[in-house]
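Worksheet: one structure, shown below.
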Amino acid sequence: MNDTFPPVGDPVETDPNYEKLKAYLKTMGRVVLAFSGGVDSSLLLAAAHDALGPRALAITACSPTYPDSEKEQAIAIAGLLGARHRLIESREIDRPEFRSNPPDRCYHCKRILFQELSAIASLEGGAQVVDGTNYDDRLDIRPGQRAAQELGVRSPLAELGFTKSSIREMAYKRGLPNWNQPACACLASRIPYGQEITPAKLSRVAAAERAIRALGFDIVRVRDHGDLARIELPKSDLDRGLAAEARPLLIEACKRQGYIFVGLDLEGYRTGSLNEALKGKTKPARGNTQNFL
């Protein structure tokens, strides 16, 4: 594979796994799809639209916990596919069980979302609610999967055993422009468990990450530890982040958003790093895992 892709709707080549996914979705008759605009849900929407046409409806939740860029991308991808697509307001941040940021925060968020999607599915002729959870997602702590199970939400990509790499390959062959896009996560995942989630915190995290991406760091997480912004970059970018010319720019990107201290995590970016506290792997706050810029 390379970074050149055809227009959406003009697949590079057929893929047996993609055909399998379409056939699997076709057996569901009608689907309402939780659609973030990321590669997983984009592939799922493409297959659902190809298999079911107007009997597939994508729903994107708009909330302070998601950057505006994700909503814009979801609109663009659905438009390119010609799929039915609807935006809804998701107000999980108004709910104390989410805002208090417990370890099962994702459970409450997903339950709220899936309840809304289930209501929409009923109006869509009893459609099946589906999401883009993939087979690899089982390896991390994901309380949201419990909400999916409780409410009968299906995860076709996981059920068929499709890993992230196989999903990217299928997305490339389908001609999806975001096939190689870095994984995204809700902004609430930047705030340590037990610390209240507020619109102000989410906004400053989003702004800091946007500024750092503008410096050429495509993959970045800014973990919000109160006055401290802990920056995670891929290990391949750590040397560049520590370079004399980059350090003041990273500092400015965070301090402009109100952070007093700025640290670069020497362990680099890893998915769900704040879950390490739940797994008993947390390092001391003043230990050697952070380099203060």
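Entry remark, the stretch 158-179: residues being more than 21 Å from Asp50 (Cα to Cα) and not assigned by TED's automatic domain parsing to the domain that holds Asp140 number 0 in total.
Quick test for you: out of Glu169, Glu159, pick the one residue that is of a type in the set (D, E, K, R), more than 15 Å from the chain's Cα centre (by Cα) and over 20 Å from Val130 (Cα atoms). Quick ask: steps written out before the conclusion?
Values: Glu159 fails: over 20 Å from Val130 (Cα atoms).
Unique residue meeting the criteria: Glu169.
Just to verify a result, which residue in the stretch 53-65, among those that are in contact (Cβ under 8 Å) with a residue 12 or more places away in the chain, among the small types (Gly, Ala, Ser) and outside any loop (DSSP other than H, G, I, E, B), is farthest from Gly126 (Cα to Cα)?
Restricting to residues being in contact (Cβ under 8 Å) with a residue 12 or more places away in the chain, among the small types (Gly, Ala, Ser) and outside any loop (DSSP other than H, G, I, E, B), the top hit is Ala61.
Counting only residues that are small (Gly, Ala, Ser) and in a loop (DSSP other than H, G, I, E, B), the stretch 116-173 holds 7 of them.
Checking each residue in the stretch 186-241 for being among the aliphatic types (A, V, I, L, M), in contact with a strand residue (DSSP E or B) (Cβ under 8 Å, 6 or more places away or on another chain) and either modelled with pLDDT under 95 or assigned to a helix (DSSP H, G or I) (or both) picks out Val205, Ala208, Ile212, Leu238. For the stretch 66-106, taking the residues that are out of contact with any Leu (no Cβ under 7 Å at 6 or more places or on another chain), part of a loop (DSSP other than H, G, I, E, B) and small (Gly, Ala, Ser), the one that is surrounded by the most Cβ atoms within 10 Å (Cβ to Cβ) is identified as Ser100. Among residues of the stretch 39-52 that are under 24 Å from Asp137 (Cα atoms), those with a beta-carbon under 7 Å from a residue that is of a type in the set (Lys, Arg) at least six positions away or on a different chain give the pairs Val39/Arg168; Leu43/Arg174; Ala46/Arg174; Ala47/Lys22. Taking the stretch 242-275 as the range and being assigned to a helix (DSSP H, G or I) and not β-branched (Val, Ile, Thr) as the test, the residues that pass are Leu242, Arg247, Pro248, Leu249, Leu250, Glu252, Ala253, Cys254, Lys255, Ser273, Leu274, Asn275.
The values are calculated or read from the model by the stated rules, or taken from the named source; none is laboratory data. From a predicted model like this one, the values you see are computed outputs, not experimental measurements. Quick reminder, even Gly has a Cβ in these numbers, built from the backbone with ideal geometry, and neighbours come from all protein chains shown.
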